[in-house]
Amino acid sequence: MSSYRYYEIPVCYMTNGLELKLPVHEFSGGEGPVVGITASIHGDETIGVEIARRVVEALKGMEVHGKVKIMSVASPLAFEDANRNTPVDSTNMNRIFPGSYDGTITQIQARVIADKFLFDLNTYIDVHSGGQDPVVDYAYVLNDEELSRASLAKILYRPVVDYEGTSATYTNPKNISTVTIECGGGPNEPYYVEKGVKAVLNMLKLKKAIDGEAEKRDDQIMISHIEHVNPHHGGLFVPALTYDAMNTIVEGKVVLGRVYNPMTLELLEEIRAPYEKNLMILMRGNINRIIPGDFTFMIGDLDSEIR
């Protein structure tokens with residue numbers, strides 16, 4: 001029978017004397033792989049914590065083979081602030097791995113995660129989302145295409161150039177099967193929570209960490225280029241599409257959203273689709289405030305499809 005334990009990895013003491021710690025939920029049972037799962041490396045990606053919570057609850061009723069470690073909130077200070085970056089040093093932890101013990105608090109935290117959590121893995125699953133407003137739905141293909149396909153995401157992205165300093169680009173060259181899934185965000189609808197939980201459990205089945213046959217999806221599209229379409233102006237953002245457009249093809253260089261000056265109420269900008277056929281991967285579907293350059297739309301380029 002597999003066992004469960006909860007423990008915390010110390011990072012450092014804060015100015016107020018409290019100790020910053022990272023939570024780990026660990027399941028162990030006999031022979032099998034060592035799988036690590038992280039959520040909320042970006043503190044505004046709340047849905048990842050709920051996906052982690054539900055995965056932990058599901059695994060409590062299952063037989064686990066090997067070891068499954070789940071870090072339910074990898075950036076606690078950023079989570080407290082609902083911010084992509086750590087508020088103490090305004091640093092995006094997912095751009096500085098493996099970090100440094102001689103660096104800022106975020107660099108220290110990244111180094112601790114690398115040395116105390118990622119070091120012994122065979123498989124690494126990093127759960128991300130669109131944050132507090134955008135919704136996103138795709139999976140990266142890094143060094144294990146079968147694992148990425150087991151995420152059951154319709155859209156798979158094999159980047160030509162990886163982001164530098166992510167936890168995934170740290171594990172990728174270390175012979176650790178690695179995948180980053182991008183699932184949900186914005187209103188954090190139950191659909192994306194359930195989709196994320198199903199993805200993680202299906203990948204655990206693929207790696208034989210839990211019993212069951214991994215499900216496959218036959219309509220997946222793999223691309224190598226995603227166009228970021230972001231506003232030049234800040235203000236009031238009014239979408240032209242609803243979240244129903246996610247993972248569909250929007251035809252024509254149509255208006256995706258508009259930005260208005262909240263004081264004068266004048267139209268500042270129309271954000272338009274870049275292609276004749278636009279594969280919607282990330283989008284904002286709510287009326288909200290927006291800052292210049294905010295993540296607003298990510299559009300898959302179907303001309304970059306890998307067959």
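Where a number appears in this text, it was derived from the coordinates with a stated rule and is not lab data. All of these numbers come straight from a predicted model, not from anything done at the bench. Note that each Cβ is placed from the backbone with ideal geometry, even for glycine, and that neighbours are counted across all protein chains shown.
Quick notes
- Counting neighbouring Cβ atoms within 10 Å and putting the fewest first, the residues ASP218, ASP133, ASP294, ASP102 line up as ASP218, ASP102, ASP294, ASP133.
- Net +/- balance of residues flanking GLY285 in space, Cβ distance below 15 Å, scoring K and R +1, D and E -1: -2
- Relative to the globular-protein estimate of 2.2 N^0.38 Å, the Cα radius of gyration of segment 26-100 stands at 1.26.
- Exposure proxy for VAL56, VAL238: other Cβ atoms within 10 Å of each Cβ, ordered fewest to most, give VAL238, VAL56.
- Normalised by the number of residues in the chain, the average gap of Cα pairs under 8 Å and 6 or more apart makes the relative contact order 16 percent.
- Segment 228-307 and segment 148-211 have their alpha-carbon centroids 24 Å apart.
- For the chain, the alpha carbon positions stretch 61, 52, 32 Å along the principal axes, listed from largest to smallest.
- Farthest toward positive dipole pole in the chain [+1 Lys/Arg, -1 Asp/Glu at C-beta], among CYS183, SER224, VAL136: CYS183
- Straightening the chain between GLU31 and ASP115 buys 27.9 nm, computed as 0.36 nm per residue apart minus the Cα-Cα spacing.
- In a reduced charge model with +1 at each Lys and Arg Cβ and -1 at each Asp and Glu Cβ, segment 3-221 shows a dipole moment near 380 debye about its Cα centre.
- Taking every C-alpha pair closer than 8 Å and separated by at least 6 residues, the mean separation divided by the residue count of segment 226-304 gives a relative contact order of 43 percent.
- Global size of segment 226-304 as Cα Rg and Dmax, reported in angstrom: 12.1, 41
- Magnitude of the charge dipole, segment 162-228, Cβ model with Lys/Arg +1 and Asp/Glu -1, debye to 20: 360 debye
- Point-to-point label distance, GLU270-LYS21, nm (Cα→Cβ direction, 7 Å offset): 5.6 nm
- Here the label points at GLU146 and ASN175, each 7 Å from Cα along the C-beta direction, are separated by 1.7 nm in the simple model.
- Efficiency of FRET between ARG217 and ALA58 - r from beta-carbon atoms, R0 25 angstrom, step 0.05: 0.80
- Computed over neighbours whose Cβ is under 12 Å from that of ALA214, the net charge equals +3, Lys and Arg +1, Asp and Glu -1.
- The residues neighbouring GLY43, those whose beta-carbon lies less than 10 Å from its own, together hold a net charge of -3 under the Lys/Arg +1, Asp/Glu -1 convention.
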